[in-house]
Each structure stands twice: as structure tokens, then as C-alpha cells.
Ligand code: PHE
């Protein structure tokens, strides 16, 4: 092996042993630098004859090309290793599933309410909202249910230990019926002194409260009150409206409606409305869905209207019950437990 071949091998070995780019540059200087070994060889050329210079010069140049090639190869290898290291450190697994924000959905009770509002809206009913903390007068007295009347015990009311400015005890409304009075009073006042008054046609959905808790009762539940008062509104209108509502709500006319005599202080006569599906899983069982009746003349009077002129019907339906039947839920409390495994099924 010639001295030049030895030198090339030495350079290749040195470069290969350099673990970092900085050390590689030092190794380069040892061969190609100002006082590097290749430079020393060049300097030695001066002492040679013209002929010898030519051949030796060409050989040294070839050696230089060889050393530079080895240097470039090692630089590339170190850069590639560095990149590899960086990529590993900043590892990004593009096959991982993305982090998405969960999408929410409407609560099944909200959905049921929106359905109810849309259906009654299509029949010309206004939608009203009112307070959940009520006065004794609106919850009971105005509804023809005076203090100490035994009918008050029909509802296990939550009383609030506080009176309003008229000395009336406050309560968490046990039904949406106070909205009959509130809405009708405002309506009557608005058209007072006018020859004719537009009919009152309203539903009032919302939260209601009773001391009650089992698979079909929750201390907080939802009702929708309905009221239609005019000069000639009868039970046949109630039947038509309710049948229309219930078939639209359940999207079937495979059902029957039944009015079962009942008692409420604020309606006379009064009836429970039962429905029975003629097909499906609930087929053949009568299910109670609503209280109803012809608005009692005393209640018409308390609304600020003349019972000799105005007559109508009211109903109060359990929204949770309707939602349970529609969605096939058998425990009402599931609606209020806040368990996403249950609720997300309604998205
Ligand atoms: N408010 C009654 C209840 O909660 C239902 C009802 C409303 C009955 C309107 C008749 C008329 O039980």
C-alpha cells in the first residue's frame, strides 16, 4: 500500500470515528487544514523535478478528492442521524385518533317540550312561561281551592318558609295551573273595555314540584298546562284538540282516547284523559296522561272574566310521562340522574 493510500484509509477511519459534526470538522483540519497532512504533502512537491511533480501532484489531488468524498459522506451520515434523533424525540403518531370536542344534545324532556310547543303552535296556541315559586293564591285559592279545603291535600306541596307582600305563603308550584290565571288575567286586562276579546288559547310548559319520589314520580317534574277560553268552547273542542295533539306527538293514530270522570276544584266537570295504543309494546293498556275539564265559573271570574259569557277547557299533562312513553323509558328518574350513558342516546 502506498503512503497516499494509507493516508486515505487513515482519514476515512478518523472521519468514521468522529461522533459529532464538530469533531468531524477537527478531523478534517488534521488532513485538509492549513497544516494538515495533505497540505504538508503539497508543500513537499517543491523539492521534486518537473516530471515527478506532475505525477505526484496528480496522485495527491486524487487523494484530496477521495478524502473530501469521505468527509461529505460522513457529514451526511451525521446529519441524517441527527434528524432521526430529532424525529424520535418529537414523535408524532399520526395514527392516533384526533382529540375531538364531544357534541352535546338536547335533553329528552327538552325535546318532548319542543315537540309539544310545535304541535300546539300549529293549532294556534300561544306558549307562556311563568314563575316556579308561586304564591298560595295562584297555586290554590284562585283555582277555587281555598285554604283548609281538603282538595289541597291532593298535592303534597313544597312550601317555602316565606310570604309575599300580601301575606300569601310561597310554594314551589305543584302544577302549571297557576299559569291559567296569570295568562288569562293579563289577557283580560289587555282587552278590558273592548267590545270583543280574542280567545285565550295557550299552553304553559314548565317545571313543577311535589313531595313524591318513585319510578314514576320525581319531586321535580314537568307539566304542560293547556287553556282555551272563548264564548263557545266545549268538551268536544277539548277532545278534538287533545286527540290531534296525542296522535301528532306519538306519530300514530293507532291509539284511543278515553275521558274518565274525575275531580279537580278548578274544573267542572273534570276528567282524566287516558290513552291506549292499539299496536306496539304498550298495546292494550290504558295509560293516564292528563287531567282536564271545563274551567270552573269561579276560576273564570278569578281570571277577571264574566262566566256568563266565557267558557272553556283546561288540561294539565305530565310531560315526563309522555316522554317516557314516547322513548320507551321505564324509570322516570333516569331523566334526571344526569348519566351520559343514558342521555347521549337522545342526541
Ligand atoms: N293541575 C292538575 C294536576 O296537576 C291537572 C289539571 C289541569 C286538571 C287543568 C284539570 C285542568 O293534577
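Computed values, structure above
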{"item": "Burial ordering of 2, 267, fewest other beta-carbon atoms within 10 Å first", "result": "2, 267"}
{"item": "Ranked 264, 277, criterion: other C-beta atoms within 10 Å, fewest first", "result": "277, 264"}
{"item": "Whole-Å distance, taken between Cα centres, linking region 297-333 and region 37-59", "result": "114"}
{"item": "Residue of 147, 308, 51 that the Gaussian network model of the chain assigns the largest fluctuation, springs spanning Cα pairs under 10 Å", "result": "51"}
{"item": "Ranked 200, 246, 60, criterion: other C-beta atoms within 10 Å, fewest first", "result": "60, 246, 200"}
{"item": "Counting DSSP beta bridges with both ends in the chain, the antiparallel % (nearest 5)", "result": "95"}
{"item": "Cα centroid separation - region 101-128 against region 188-239, whole Å", "result": "17"}
{"item": "Among 251-259, 189-197, 8-16, the order from most to least packed when residues are scored by Cβ within 10 Å on average", "result": "8-16, 251-259, 189-197"}
{"item": "Anisotropy class of region 108-346 from Cα gyration tensor, a/c 1.5 cut", "result": "oblate"}
{"item": "Residue with peak Gaussian network fluctuation, the chain [Cα springs, cutoff 10 Å], from 136, 161, 320", "result": "161"}
{"item": "Max mean-square fluctuation residue, GNM over the chain, Cα-Cα springs under 10 Å, options 317, 49, 177", "result": "49"}
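Here, each number is a calculation from the coordinates, and none is a lab measurement. Quick caveat, the model's predicted, so the values are computed rather than measured. FYI the Cβ positions are ideal-geometry reconstructions off the backbone, even for glycines, and counts take in every protein chain you see.
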